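Notes follow once the structure below has been shown.
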Amino acid sequence: MLNDPLANVLNNIMNAQRVGKMSCIATPVSKMTKQVLQMMQDGHYIGAVEYKDIRGGIANITLLGTVNKCGVIKPRFSVQKEDYTKFEKRFLPARDFGMIIVSTSQGLMTHGEAKQKGLGGKLIAFIY
């Protein structure tokens, strides 16, 4: 039984990346998982993603070999607009390297976008 589908997908990506595979299959795929994968694709961490709408959903993810580490943030810390630097130091290895995905009142976005818009929210995942 899966308790966190997003964590399962990110672990699949990390395991396939470490072994040296060029693609991986992730299941189940929720709306939030699709948005996170889209953000990873926009940041050039993964390549093309193909979705199949079978029960639960399946994503075939093409890997580019640029993911050093990715994972979910548990517990889902609340963050205010002034506190992003504290969590950047905790989850990212260097300044302006990688991204933290934040769930805000205006939807999922990276911590950089949330800083610019002056929004707080809940921390979801990190990628670098």
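The values are calculated or read from the model by the stated rules, or taken from the named source; none is laboratory data. Here the structure is a predicted model, which is why all the values come from computation and not from measurement. For neighbour counting, all protein chains shown are included, and Cβ atoms are generated from backbone atoms with ideal geometry for every residue, glycine included.
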Could you pull out the residue among K81, K122 that is farther than 27 Å from K21 by Cα, charged (D, E, K, R) and at pLDDT 95 or above? K122
In the stretch 96-121, the residues that are out of contact with any Ser or Thr (no Cβ under 8 Å at 6 or more places or on another chain) and within 18 Å of H44 (Cα to Cα): D96, F97, G98, L108, M109, T110, H111, G112, E113
State whether the residues of the stretch 47-66 include one that is touching a strand residue (DSSP E or B) at 6+ places or on another chain (Cβ under 8 Å) and on the phi > 0 side of the Ramachandran plot. yes
Specify which of the listed residues (A16, A26) is small (G, A, S) and at pLDDT 95 or above. A16
Would you tally the residues in the stretch 28-75 being surrounded by 13 or more Cβ atoms within 10 Å (Cβ to Cβ), small (G, A, S) and closer than 17 Å to Y128 by Cα? 3
Count, please, the residues in the stretch 76-98 that happen to be surrounded by fewer than 11 Cβ atoms within 10 Å (Cβ to Cβ) and among the acidic types (D, E). 2
Of the residues that make up the stretch 117-124, is at least one part of a helix (DSSP H, G or I) and more than 16 Å from the chain's Cα centre (by Cα)? yes
